[in-house]
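None of the figures in this text is laboratory data; all of them are computed from the coordinates on show. A quick note: this is a predicted structure, and the numbers were derived from the prediction, not measured. Here the Cβ positions follow ideal geometry from the backbone for every residue, glycine too, while neighbour counts run over all protein chains shown.
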Amino acid sequence: MNKSEHIDYELEKNMEVISQLDGFVNNAVDTVLVDPDECWQPSDFLPDMGEPDAFDEVKKLQERAAGIPDTIITSLIGNMITEEALPSYQTYFNMLEGINVEGSLLSNSGWVRWSKAWTAEENRHGDLLNKYLYLSGRADMKKVEQTIHRLIYNGFDPKSEKDPYQAMIYTSFQERATKISHVNTGKLAHKAGDDVLSRICKTIAGDEARHEKAYKSFMSEIFEIDPNGAIMAFDKMMRKQIVMPAVLMGKGSSNPTLFDQFSAITQKVGIYTGWDYARIIDHLVKLWDIENLTGLNDVASKAQDYLSNLADRYMRLADRMKAPDELSLAWLK
């Protein structure tokens, strides 16, 4: 069997397992995600522009936002831009092998239902943060909008090779990373005196926590059914490293290093750091009990050894990483 035939065989096997999980995922839609009529909505956190005191409320919002450091506002904008690129993420998910075999967004399969319902919940995040930043007066919204446009224009490639196993590893990792970023932004907003923004960030983080739990449960089921394939997918994704969703935000623009600037700020102020990356690896390795898996083939056993020591390796790298002295602040007034 040549390399191409082996890849096709692995994908076909993975698709069969994904098909087995359809009922499990259907249940997650009904139990993990929230009915649209019961979900919080962006308007719950923002001034009601139809009320007589609307502009007074906007003024209060701006007064609170005025005390937030520029670095935190820049990080918040970067988080919002990442959330606003949602069309790329849904497209990516539906292109995975075995996820939408009917090629229809009206399908009643668990995976298609999940894709739609998950996207619907995520859609509120960028919507809320975008409106908050617009009303705050702290952001150059034209530059922000251009970056959102550019990011969706450029697309999204987490390097998962259309493999649903690798995709579930990626989403398990990324949902946790996004949760951490929103939680830490909320803490800094509270420290700066904006309790409303703090509550916004913590509420969004709560959604991300539910989504993280679901994706990790999907992957846990895959480990139960196909431990060899699951651990090799984990190995592949970690050797490629987890690519952040907004990595292409500056590609083709007048500021191609825009994502690097955003990342430097999140590292500097502690919103998302190299230590967080290492701790997420450690969390997933322990969750899926990687060190104690048995009955693995030779290739999977090598992956087990690699993954068991990976968090420590990244923690040492994080310890040596120096926060940048100079920061470039994008998207601000």
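Which whole-number percent is the relative contact order of segment 52-154 (Cα, under 8 Å, 6+ apart)? Relative contact order, segment 52-154: 43 percent. Going from the residue with the fewest nearby Cβ atoms within 10 Å to the one with the most, 221, 208 rank 221, 208. Note on 207, 48: ascending count of other Cβ atoms within 10 Å places them as 48, 207, the fewest first.
In this structure, residue 196 and residue 95 have a Cβ-Cβ separation that, at R0 = 45 Å, corresponds to a calculated FRET efficiency of about 0.75. Charge tally around residue 300: other residues with Cβ under 11 Å, Lys/Arg +1 each, Asp/Glu -1 each, net -3. Remark on residue 332: its backbone amide H falls under 5 Å from those of 140, a criterion applied only to residues 5 or more positions apart or on other chains, H modelled at 1.01 Å from N. Taken along the Cα-to-beta-carbon direction at a fixed 7 Å, the label points for residue 34 and residue 306 span 4.0 nm.
Across 294, 273, 119, mean-square fluctuation computed from a Gaussian network of the chain (C-alpha pairs under 10 Å connected) peaks at 294. Note on the chain: with a GNM built from Cα contacts shorter than 10 Å, the maximum mean-square fluctuation among 130, 255, 154 falls on 255.
In the elastic network of the chain, a GNM with C-alpha springs shorter than 10 Å, the most mobile of 274, 50, 186 is 50. Computed from backbone phi with θ = phi - 60° and the Karplus coefficients 6.51, -1.76 and 1.60, the 3J(HN,Hα) list for segment 18-26 is 4, 5, 4, 8, 4, x, 4, 5, 4 Hz; x is used for glycine and proline. Dividing the mean sequence gap of close Cα pairs (under 8 Å, 6+ apart) by how many residues segment 27-320 holds gives a relative contact order of 21 percent.
If you take all other residues with their beta carbon under 15 Å from the beta carbon of residue 106, and give Lys and Arg +1 and Asp and Glu -1, the sum is +1.
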